[in-house]
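J.: Just passing along the structure, written as structure tokens.
The values are calculated or read from the model by the stated rules, or taken from the named source; none is laboratory data. Fair warning: this is a prediction, and the values are worked out from it, not measured in the lab. Cβ placement follows ideal geometry from the backbone for every residue including glycine, while neighbour counts extend to all protein chains displayed.
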Amino acid sequence: MSGPDALELRMLLGRVQSLSDEHWRLLSGPRQAMADHAWVGGASAAGFAARLEDAERRLQAQLARAVQLLRDKSNMPAF
């Protein structure tokens, strides 16, 4: 792809990559706190920890997917 569309895609890819880098570990702190037993509460805390871990995994998958879709569209190699 060339021309203005290619430039816009590259700029968008850069922005999405920055957002991905910035938010990749967004849930790591709370997830680690749960793993370190910072919160107690029996089964409800364990359930929350599992949901938090799943949310982190889904967030990272979505961020990676967004970057890859733009990279594929713009025919740019990985950074």
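J.: Any idea which of LEU52, LEU19 is under 27 Å from ARG71 (Cβ atoms) and touching a residue at least 24 places away in the same chain (Cβ under 8 Å)?
T.: Of the residues listed, the single one that is under 27 Å from ARG71 (Cβ atoms) and touching a residue at least 24 places away in the same chain (Cβ under 8 Å) is LEU19.
J.: Could you tell me which numbered condition ALA49 fails, if it satisfies all but one of (1) at pLDDT below 90; (2) not in a helix (DSSP H, G or I)?
T.: (2) is the only condition that ALA49 fails.
J.: Another one. Give LEU19, LEU63 a once-over and let me know the one that is at pLDDT 85 or above and out of contact with any His (no Cβ under 8 Å at 6 or more places or on another chain). First the steps, then the outcome.
T.: Values: LEU63 fails: out of contact with any His (no Cβ under 8 Å at 6 or more places or on another chain).
So the residue among LEU19, LEU63 that is at pLDDT 85 or above and out of contact with any His (no Cβ under 8 Å at 6 or more places or on another chain) is LEU19.
J.: Assess whether ASP36 counts as being of a type in the set (Asp, Glu), over 14 Å from LEU13 (Cα atoms) and loosely packed, with under 14 Cβ neighbours inside 10 Å.
T.: Taking the combined requirement at face value, the residue satisfies it.
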